[in-house]
Amino acid sequence: MATTPEVLQTMKPWQGVSYPVLVPNVKGLENLLQIIQASSVAEGTPVVNEIAVFTAASDSFNKANTNKNVAESLVELEKVVKKATENGMRVRGYVSTVITCPFEGLIDPKRVTEVAKALLDMGCYEISLGDTVGTGTNASVRRLLEEVLKVLPADKIAVRVLPADSSPSILSHFYRYM
């Protein structure tokens, strides 16, 4: 993220392409907004109109990644989302460790649902659920989707799964819910 200013100031954007920027906290958003303002004055249209915020379903993973537990990160992210949307930006939320955490083991799909709902409720237009460590199986993805889709609409969910069993049939779970 240290090179974000350089990347944004030197890139030549393509019309109709979105360039979301990963924003971990309010300070990161404030820095991005300054960069956007400076480049918009010089060039006309801002390169970035979307950000990505992230947390995890596991406190241990989130603490290792952001130095905050999940509840603390959600408090921070709510401030980020509010400020971003007030500045006309779209926000996509990401939840890591939705199947397994390398520190805590299996993750309860209800926990994933709670975190994803919190992100959606704070204003994220879509929530991406990530199988961070690649342990997803047909059964674990089915359990996850069945639980998440009890609460969240399918058109607000994206899923990134690295199937542990290398089975293409894992995709059948997604088609059933589409």
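The values are calculated or read from the model by the stated rules, or taken from the named source; none is laboratory data. These figures come from a predicted structure and were not determined experimentally. Neighbour counts are summed over all protein chains in view; Cβ atoms, including those assigned to glycine, are modelled from backbone coordinates with ideal geometry. Areas reflect the complete protein model, heavy atoms only, side chains present, ligands, DNA and RNA absent. Shrake-Rupley method; radii C 1.70, N 1.55, O 1.52, S 1.80 Å.
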### Task
Evaluate the following for Glu76: is it within 29 Å of Gln9 (Cβ to Cβ) and part of a helix (DSSP H, G or I)?
yes
### Message
Given the criteria over 12 Å from the mean Cα position of the chain (by Cα), surrounded by fewer than 17 Cβ atoms within 10 Å (Cβ to Cβ) and small (Gly, Ala, Ser), does Ala84 qualify?
### Response
no
### Residue pairs meeting the criteria (Cβ under 7 Å; at least 6 apart or on separate chains; first at pLDDT below 95, in the stretch 57-73; second assigned to a loop (DSSP other than H, G, I, E, B) and among the hydroxyl-bearing types (Ser, Thr, Tyr))
none
### Query
Is there a residue in the stretch 110-121 that is assigned to a loop (DSSP other than H, G, I, E, B) and touching a residue at least 12 places away in the same chain (Cβ under 8 Å)?
no
### Near pairs, Cβ below 6 angstrom, 6+ apart or cross-chain, from the stretch 21-39 (open to solvent by 50 Å² or more (accessible area, probe 1.4 Å)) to any residue that is assigned to a helix (DSSP H, G or I) and modelled with pLDDT of 90 or more
Asn25/Glu76
### Query
Is it the case that the stretch 88-105 has a residue that's modelled with pLDDT of 95 or more, open to solvent by less than 40 Å² (accessible area, probe 1.4 Å) and touching a Lys or Arg at 6+ places or on another chain (Cβ under 8 Å)?
no
## Note on the structure
Out of (1) in contact with a His (Cβ under 6 Å, 6 or more places away or on another chain); (2) charged (D, E, K, R); (3) under 21 Å from Phe61 (Cα atoms), the one Arg142 does not meet is (3)
